[in-house]
Structures are given as C-alpha cells and as structure tokens.
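First comes the structure, then the notes that go with it.
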Amino acid sequence: MFKRVLIANRGEIAVRIIRACRELGIETVAVYSTADSESIHTKISDKKICIGPPQVSKSYLNIANIISAAKITGSDAIHPGYGFLAENSLFAKECGKNEIVFIGPGYNLMDIAGNKSKAIALMKENKIPVIPGHEKRLDDLRYTVKIAKKIGYPVIIKASFGGGGKGMRIASDDNDLKTLLPLARSEAKNAFGNDHVYIEKYIKNPRHIEFQIIADNYGNIFSPGFRECSIQRRHQKVIEEAPAINISRKTIELMETTVLKASRILKYQNLGTFEFLLDSNENFYFIEINTRLQVEHPVTEMTTGIDIVKEQIKISSGNDILDLKKNFLSSTKNSKGQNANGHAIEFRINAEDPENDFSPSPGKIDYVHIPGGPGIRFDTFIETGSNILPYYDSLIGKLIVWGRDRKESLDKSLSALKEFKIDGIKTTIPFHLKILGNKNFNEGNFSTSFIEDENML
Ligand code: ADP
C-alpha cells in the first residue's frame, strides 16, 4: 500500500479522497493555491503545500509544480480527483517518469478515451452501438453538409477533446451547419486547445445512462451498477440517481454485457465510466468513456456499500478485486435482478443564482446548516465562514440521499433540501426544490431535455 498520497485537487473531492486515504492508513498531502490556504482540505490533510497563485493554469493545472510538490513531500502516488488534470495523459506520463503512481488508468487508455472520435471509432470497429455519425475530423464545409444530409438533420457538432457539456452545437439544416461549423471549431480550439470536431445524429429526448466499472491490473473486471444522469442543464448534469428506473431488465443486461465487452477490448484498468444515450425505444448508443472518478460516484456507493475511492486507491497500489467482485456478485439482488440496495439521488449544490441565469455567486458563507439523518450524506468543503472563490468551479457540495426505494429517497430529499440553510451566497437549492415538485420527475418520466420541456428555468 502507498505510504503517502498527494491529492492534486481542491474542494469537496479533495476532502473525499483525503478521508478515503486516512481510512486506509495512508498519509495525505494537500496542494493549494494561495487563495485556498484556509480551505478545509488543507486543514485535514497530514501535510500541505502551496503550488501557486489562484489562476488554475498556474496552480491546479501546473504539472511541474505538482510533480515538484509530490517529490518534496515524498509522496509515492498522486490522486487527481476529477476535472483539472484527471484526464490529462501527459500528466500521467510525467508521474510515471518521476516514479510516482498516477491513480487512474494508464496513459494509453487515457489517450484513447480523451479523444472522443478515436474512442467512437474503436467502439464501432468492435460492433459496440454508436450514434449514426461521422467521427472523423471535419474541415471542409461542403463535405460536412454532404455527410449531415446522409445522417439526417438535426445533427450535433461535438469537439473531439471536449468535456463538461461545452462546445456542442445543434444544426437543423444546411444553413445552420454552415454557420455553426466554423464557430464550433474555433470554440473547440479556444476551450480545448484543438479544433477537431465531428458530427453525429442529434437524438431527440434521450436519457443519459452510464455504467461504472471497476477493474484491477490483472484482468478482473465488473460493473457495480449504472446511473441515470438525464437531469441536465446545458448538457451538464444537475441530478443523478442509481439505479436508473423505467428501463427493461433486458436492456440493462444487454448494456452491461456491452460495457464489459468494451472494457475487455480496451484491457481496461482502474475506474471507468461508459456513457450512453438511450432513446425512447430503448436503443442505446455509446457516447464516451471517462477514465476517472465521476462527480456522481456516491450514488453507486450508497446503493452498493462499495467505497469506490478506497477501491481505486487499492487497485492502483496493486491489489486485485477478486473478493470485492465475488462479494458484490453474491450480494442480495433487488426485484429487477440488480445487485443494488435501495435507491440514491445526488443533487449538485452550486454557488449560482438560479434566478439570474445561474450566474456564479461567490462570497462569504455567513451561516450554513447541513441536514442529516439516516441515509443523508453531504460531500462538501464548506462551513460557516467559508469563502467561495470566483476562480474555481461553482460546485460547493453534493447532497446524496438514500432510501429503501425511489419514493423514500425522494421524500427524504425534499425534507433535506427544505432544511438546508446556506446564508450569504445564492445556491441551486431552490432549483432542486422546484424539480422535486414536478410530477414527471417524481414519476421518473423524463429525458435530457426535461429542464426545458418542463419550463424549469
Ligand atoms: P461532455 O463530455 O462534454 O459531457 P457528452 O458527449 O458526454 O459530452 O454529452 C453530454 C450530454 O450532451 C449528453 O448527456 C446529452 O445530454 C447531450 N448529447 C451529446 N450527444 C448527443 C446527441 N448525439 N444527441 C442528443 N444529445 C446529445
């Protein structure tokens, strides 16, 4: 097992990883920017080290400074969390060069997954269903129009190296495409440093369903479950659940078999998430692989009892998953034959003003009251007096609510969100309450366009 792990992140996920390390008897090193010197992750770690000024490019994305910090502190591994450098294969490579274990899959796998068109091409080659489209690089406008006509409008233009729901454009006809293609390419160049874009059929009202996988370094692999992530705003997840409801057992089993087949083809190691769109006829299409811990991993933890972060660290230090897999597969199945206990829902609480187009709402938290009780978990880094900084992501915490069934977790969620108090800044709590008041949401009757369709904004 590792002696000391450096956490190359901040916020709630840094806190989450420090706790997992501590439970495993591993010392932790927090890194922080000068703006984050008072943040909780720096207070609960064994060591802390400043890696630069507030701007992310000079601190949390500064590979040289982070590697130096790991060497100075004698860390034998780095956990990247999610975001920042978590999917940066160059960073993983640098860790390797410096004999530091990067907690995640190898950089070859990261290279494939990080380039969505490459991943789609590989899946297509192996008969994994993908969305009808053209994953190759598109430069020529006339050629693109020809392809789009063949696919059939509407089409969606996506950045190969994109993420976080950014840079996607929907074209309904030739004219749209002609205007949007150059725009999408320059946006992709600015946001992701590469103007490679591709197009695929825009699926109307799909659901976003994803499968978590856990794999060790010896070829053992299993999926501890799947998640529903259809409640999205601007293609970004807002609420996630496990397990997804209203999908036939047959489709779920077929999706799982597909995921395991794809993982074996990729010789997958460590944690991964395979994301799919599911249409109203239960056709499913691969969209991407995330080679890291997901923001929404806790809903799987709450319904399986598996501590995904601890298992990830154990795998990276060379443990196998034989017992974990055996215990999981022999655990009690629910009425649908899934190894899942009850139902969990996660609400992303952001420092944003839902009344003002979700504009960021940084500032001092004058008072916070966090709800509690059986099945209520809040992964966070905030406390009364915390300062929410304008430089970073607006996620201030994740409320995760477990119930014996979806109805119970919805009832508990309503109670918990009503009890929540965060004074001093605006948050997305009122927005979640609005969603919880919606009949279709409560009945599990929704798609990725739920927020627009139901006039939630
Ligand atoms: P990112 O990596 O930026 O998050 P994804 O490819 O994972 O991008 O897609 C994010 C979301 O965008 C999906 O969950 C879905 O809501 C929407 N989306 C992506 N591709 C399509 C498509 N072809 N048709 C309809 N919606 C799509």
*Out of Y198, Y202, Y153, report the one residue that is closer than 17 Å to A113 by Cβ, within 14 Å of the ligand (Cβ to nearest atom), more than 20 Å from the chain's Cα centre (by Cα) and not hydrophobic (A, V, I, L, M, F, W, C).*
Y198
_Condition first: under 17 Å from S386 (Cβ atoms), open to solvent by 10 Å² or more (accessible area, probe 1.4 Å) and assigned to a helix (DSSP H, G or I). Now tell me which residues in segment 6-41 satisfy that._
R16, T34, A35, I40
*Among N217, N194, N190, which is farther than 29 Å from G342 by Cβ, part of a loop (DSSP other than H, G, I, E, B) and not assigned by TED's automatic domain parsing to the domain that holds D320?*
N194
*Taking interchain pairs and intrachain pairs at least six residues apart, which have beta carbon atoms under 9 angstrom, with the first residue in segment 420-444 and under 28 Å from S280 (Cβ atoms) and the second in a loop (DSSP other than H, G, I, E, B) and open to solvent by 70 Å² or more (accessible area, probe 1.4 Å)?*
F431/L457; K439/N445; E443/N246; G444/N246
*Which one is least open to solvent (accessible area, probe 1.4 Å), of the residues in segment 178-194 that are touching a Lys or Arg at 6+ places or on another chain (Cβ under 6 Å) and under 10 Å from I157 (Cα atoms)?*
A184
*Is there a residue in segment 126-144 that is among the hydroxyl-bearing types (S, T, Y) and in a loop (DSSP other than H, G, I, E, B)?*
no
_Residues that are within 30 Å of Q338 (Cα to Cα) and either exposed (fewer than 15 other Cβ atoms within 10 Å of the Cβ) or touching a Pro at 6+ places or on another chain (Cβ under 8 Å) (or both): does segment 352-372 have at least one?_
yes
*Which residue out of G167, G114, G104, G163 is small (G, A, S) and away from the ligand (no atom under 14 Å from the Cβ)?*
G104
*Which condition number in (1) over 18 Å from I287 (Cα atoms); (2) within 13 Å of the ligand (Cβ to nearest atom) is the one that K178 fails?*
(2)
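The values are calculated or read from the model by the stated rules, or taken from the named source; none is laboratory data. All values derive from a computational prediction rather than experimental measurement. Backbone-built Cβ (ideal geometry, glycine too); neighbour counts: all protein chains shown. Quick note on the areas: whole protein, heavy atoms, side chains included, nothing else; ligands and nucleic acids left out. Shrake-Rupley method; radii C 1.70, N 1.55, O 1.52, S 1.80 Å.
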